[in-house]
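Below is one structure, written out as structure tokens; comments come after it.
The values are calculated or read from the model by the stated rules, or taken from the named source; none is laboratory data. Just so it is clear, the structure is predicted and the values come from calculations on it, not from any experiment. So basically every Cβ, Gly included, is an ideal-geometry build from the backbone, and we count neighbours across all protein chains shown.
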Amino acid sequence: MKKIVLFLGSVLLLASCDVKDPIYNTPHPNHGIVMGLTEWSQRGEGVEVPIKYRVEVSGMTNTATTTTFIMPGLFEPGNVEVLAYNLPAGVSANGGIATVSTGTDGTLLVPDAGVLFSGVATAHVIADDTTRVTLAMQQRMREVHFTLTITDGDPERITDIKARLDGVAASINLRTGEVMGNSASVMLSFLRKGDKLSANVWTIGIIEEAKQQIVTTLTFSDNHRIETTTDVTDIFHNFNADKLTPLSITGSLYAPVGTKPDGTIIDWKPGNGDGGDVDTNM
């Protein structure tokens, strides 16, 4: 009888040894990790990849400095949105909306360091695992080149040129790329070299419902000023559709000798893009 009891005890002991704790793959069996890769091929010629960018997941923000990133926190199982974007100087972001800052004169500040990009994807978080996601980063700004050629008159009489472009957008949805907000203006800084005046500006887009116009003030050596306004809406047609290709706009400038010029002062035409050969006389 004693042997039978010992035998049964041994069987029970062996059976109890077969009950093991669950084996997990990670130290976070009830949560998952999100990591990813950013892909930057959708950018214009000569546009560089930002040196750093932000990644937002479920209210958590991380800064990345390489094309790969890993979020520092743990996430509940399920789908989460992964939003990545950089912030050039003069641009802020809140709630997935990027906005160009406004200067003291009421016009938009021109970002002078870098181009705005953003990308979004959905990650399916799995408990006790790492989820990997790829974000295709999209260029959200387009460059505009302005070139004026002084075709008549005396170039040396022009001592200053101030210009602004009206009808541009101040905000953009980082998820969809849709421009938002009211019509705004941005200053154009022209530099003269010989008979050429040139300016470059980056903008997140134009407000399609607004009129795009260039307002130019020329100052001459005798302190006489001439202000001209040109409607360039046709030139900016479909401007938001292709952010990768710069838009070139050329014009001819007449530097009058007298104080009361006649005829055309500035004649803007598209150098490329969808506007066709639009003649916009002042």
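Some notes on this structure:
- Test: residue in region 157-175 that is of a type in the set (Ser, Thr, Tyr), in the same structural domain as Thr230 (by TED's automatic domain parsing) and without any contact (Cβ under 8 Å) to a residue 40 or more places away in the chain: no
- Residue within region 145-153 that is outside any strand (DSSP E or B), surrounded by fewer than 20 Cβ atoms within 10 Å (Cβ to Cβ) and not assigned by TED's automatic domain parsing to the domain that holds Val49 present: no
- Elements of the type strands (runs of 3 or more DSSP E) sitting completely within region 55-95 and holding at least 2 residues that are within 16 Å of Ala136 (Cα to Cα) and over 13 Å from the mean Cα position of the chain (by Cα): these cover 68-70, 78-85.
- Residue pairs whose Cβ atoms lie under 6 Å apart, separated by 6 or more positions or on different chains, with the first residue in region 69-97 and within 23 Å of Glu48 (Cα to Cα) and the second outside any strand (DSSP E or B) and of a type in the set (Lys, Arg), are Gly96/Arg175.
- Flag for Asn240 being outside any strand (DSSP E or B) and either acidic (Asp, Glu) or without any contact (Cβ under 8 Å) to a residue 40 or more places away in the chain (or both): no
- Sole residue being more than 30 Å from Met137 (Cα to Cα), among the aliphatic types (A, V, I, L, M) and modelled with pLDDT of 90 or more, chosen from Ile214, Ile207, Ile265, Ile235: Ile214
- Restricting attention to region 98-112 and to residues that are in a strand (DSSP E or B) and in contact with a Ser or Thr (Cβ under 8 Å, 6 or more places away or on another chain), the residue that is farthest from Glu48 (Cα to Cα) turns out to be Leu108.
- Restricting region 12-46 to residues that are among the β-branched types (Val, Ile, Thr) and part of a loop (DSSP other than H, G, I, E, B), the residue that is modelled with the lowest pLDDT: Val19
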